[in-house]
Amino acid sequence: GLRIYEAKLWAQGTAINAKNWASTPLALELTYARSLSGREIAKRSLVEMRRQGDISEADAAKWLADMEAAFPDVKEGDRISGVITEPGSAIQFFINGKPGRKVTDSAFARLFIGIWLAPQTSEPGLRNALLASTAGG
């Protein structure tokens, strides 16, 4: 398929696995391999979040607006990171290493990271590789 991004996952002091990913502080970074509009990234992210279960129309509208505000248009080499320091709290986005929007909605944070780490991901091979990458702690 078409390479869109490279993903990296980090955890401090603990391995992330299929059982604890939603309750572990972590950072996920995407390095883009091509240009994409922030709006398209946000729309696709919402589609992928919905794979994990029903999302109310009110939440979907709010979360889409949050993501459209958080994600700029990207070009090759740009990085968007999501950092969860307190699971069940919020996700802080970084754009090329600089702080961006923080979304203080625990359901959003879990479903967003779940795009890559939930069992319902559209990319199970990438999920397995990401989880294996933190096996060393």
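The values are calculated or read from the model by the stated rules, or taken from the named source; none is laboratory data. None of these values were measured; they are calculated from a predicted model. No Cβ is skipped: glycine too gets one built from the backbone with ideal geometry, and neighbour counts run over all protein chains shown. For the accessible areas, the whole protein counts, side chains as well, though only heavy atoms, and no ligand, DNA or RNA atoms are used. Shrake-Rupley method; radii C 1.70, N 1.55, O 1.52, S 1.80 Å.
Ordered by 1.4 Å accessible area with all protein chains kept, ASP105, ASP54, ASP73, ASP66 run largest first as ASP54, ASP73, ASP105, ASP66. Here the simple spin-label model places points 7 Å from the Cα toward Cβ, and for ALA129 and THR31 these points are separated by 1.3 nm. THR104 contributes an accessible area of around 110 Å² to the protein surface, as traced by a 1.4 Å probe with all chains present. When the helices of the chain are scored as -39500 (n - 2.57) per DSSP H run of n ≥ 4 and the total is divided over every residue, the value at 222 nm lands at -11000 deg cm²/dmol. Overall size of the chain from C-alpha positions, given as principal axis extents largest first: 35, 33, 30 Å.
Along the axis of the charge dipole computed for the chain (Cβ charges of +1 for Lys and Arg, -1 for Asp and Glu, origin at the Cα centre), the listed residues ALA118, ALA7, PRO99 are led at the positive end by ALA7.
In this structure segment 17-84 gives 51 Å² per residue of accessible area when probed at 1.4 Å with all protein chains present.
Please work out whether segment 1-74 counts as rounded, prolate or oblate from its C-alpha gyration tensor, where a ≥ b ≥ c are the square roots of the eigenvalues and a/c under 1.5 means rounded, while otherwise a/b larger than b/c means prolate and anything else oblate? Taking the square roots of the gyration eigenvalues as a ≥ b ≥ c, segment 1-74 is oblate. Residue ranking by accessible heavy-atom surface, 1.4 Å probe, largest first, among VAL83, VAL103, VAL47 comes out as VAL47, VAL83, VAL103.
Cross-link partners for LYS43 among the lysines, with Cα-Cα distance under 25 Å and sequence neighbours closer than 8 places in the same chain left out: LYS8, LYS62, LYS75, LYS98, LYS102. For trypsin sites (Lys or Arg not before Pro), the sites in segment 1-37 that DSSP calls loop and that have at most 13 other Cβ atoms within 10 Å are ARG3, LYS19, ARG34.
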